[in-house]
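One structure is given here, and the rest of the page talks about it.
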């Protein structure tokens, strides 16, 4: 499906109705004053030519908002932006229409929506969902269903991120509303060229040949990186990075740097290979260096320090407006804040420097108004703050992340920046939230956060202990392709680890306090296992759901010595919830319904160690594309999993008894053999349960 087809379906039989009043969140979008490169779409569920509701899904930062604006202007239908609207609930849409249109036109508006001769485009469905409760969001969808129940053509177009729209599709179909689901496809090579040329204007310059050469070099690097790792890569050019944010970064580079010969040498000098994120990081770094060297130094700093000694001039120009300072200023600017002065150790010069930057900073190529121009630039700025080692910079990054959409590019960029160095444990919730933005029709996410086992450090403080964070993106329709990101962090004294309020397919083992909090609700998608010394769930509600239709197993296990809860509601939605705790004091309804006593530790230290190794080896097997429970060989054989000769012996025994089998790059788990040799189901083992036969099995291993 192309953009023309979508417009034709949405505009069919429509007759515009004039609005009495528009607001910042509701109105017909104005014409764009910049080009629009039309995307193509992939039909996921589209059972009739003109479904009553069309859902347009995609991962974050893929041009959904721009599409909504262009579609609104092209069809003259009003656009409701839920990112700028108050929380939705019962009769939100009906009430909004009543306010926006003249009284004498109201019956016409509601009749036209019901007959398919008028409609509404709604953007930011995922943001609307995040602002309210599950009940409130369902009431909003009910309002849509009531308004268009009998419409023979399309009355509503909803745009948002994949997971939320798939849930909306299921809900509306259950209500009997014919609903189509489509996704935005990434640009192919030729569309990427057209996009870049439309905004960079290099092909119109006197150096057009050099421009095209550099443009194609960059696209060639990105294309090679993608097609080397993904089958049929040319059909799905760039996948996650074949969308506007990446192309906008390239556009900005080519528009800002007119010396294409120098740019070509810069990009190739350091041996950029087939790592696309290294190239994107290099592009962003080049722009930041250029802003300093060609803008701030000659136009601001040099005149300010002209009368100073040469060594002082060099010191100041070397220190001021570096990458870290720029990123702090840009993030603060987008938050409508000012960073603290004092970057130059000369008070008089510093004051004048700050005054000049007031007018210069808004023109920085990374931003437009008070927003980052590209999700790539946003990720680079946040990643720089996170890895700066400055407490004020990290707090600034957290403040920004807490008030803006999550950005999956941050996973790529932060992995590139960290190079194996530890990230602050305080940004874990930001990283987890960014990782979950990879969820799409052809990608799923699995996350593990592992510190030392609680029993292994006894009563000693866990502060300073290493934490390993593994993010695995399973790509392709069958999950056969994957990409992993490994991060390290360190526990901090007296500080709980915060996981955020939306978790999915996550496995956490930490010997400290864990905090899971949300203003409206906590949402956990199964399977999920969270084990810590103490766990607090602070939110009015907990909502459980499966991570996907094929997600296995479908349980959420929260295991801790002590547990705190402010939950007033738990919606399990068919997911098996277990709260395994040692101390029940303070537990109240409804959490108390799901509590099981945490099993006492083995008294024999050697037996306890064997149990810990066995459980670490077995419990995190995931559903594989072939339908079996599988785990990569290198992850099972990692020293953190096996730990010692005891772990190696347990692995050998599991292979001998055919609890595990090794084929190629995967270990496969045989559930029937687990029950035969351990006297317990794999599901119960995952939930921390034991059996006499399991004890006998462990005792028989030397």
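The values are calculated or read from the model by the stated rules, or taken from the named source; none is laboratory data. Only a predicted model underlies this, so the values are computations on that prediction, with no experimental measurement involved. Every residue, glycine among them, receives a Cβ derived from its backbone with ideal geometry; neighbour counts consider all protein chains shown.
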Output the residues belonging to the range 569-606 that are surrounded by 15 or more Cβ atoms within 10 Å (Cβ to Cβ) and part of a helix (DSSP H, G or I).
591, 594
Of the numbered conditions (1) over 30 Å from residue 416 (Cα atoms); (2) touching a strand residue (DSSP E or B) at 6+ places or on another chain (Cβ under 8 Å), residue 353 fails exactly one; give the number of that condition.
(2)
Among the residues in the range 391-399, are any within 15 Å of the chain's Cα centre (by Cα), on the phi < 0 side of the Ramachandran plot, modelled with pLDDT of 95 or more and buried (at least 23 other Cβ atoms within 10 Å of the Cβ)?
no
Among the residues of the range 363-385, the number that are closer than 30 Å to residue 435 by Cα, assigned by TED's automatic domain parsing to the domain that holds residue 289 and in a helix (DSSP H, G or I) is 0
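Can we say residue 612 is within 14 Å of residue 690 (Cβ to Cβ) and crowded, with 17+ Cβ neighbours inside 10 Å?
On the way: within 14 Å of residue 690 (Cβ to Cβ): yes; crowded, with 17+ Cβ neighbours inside 10 Å: yes.
So residue 612 passes the test.
Answer yes or no: is there a residue in the range 83-95 that is in a strand (DSSP E or B), at pLDDT below 95 and buried (at least 17 other Cβ atoms within 10 Å of the Cβ).
The initial filter retains those residues of the range 83-95 that are in a strand (DSSP E or B), namely none.
Scanning the range 83-95, I find no residue that is in a strand (DSSP E or B), at pLDDT below 95 and buried (at least 17 other Cβ atoms within 10 Å of the Cβ), so the answer is no.
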Given (1) within 25 Å of the chain's Cα centre (by Cα); (2) surrounded by fewer than 18 Cβ atoms within 10 Å (Cβ to Cβ); (3) outside any loop (DSSP other than H, G, I, E, B), number of the condition residue 38 does not satisfy
(3)
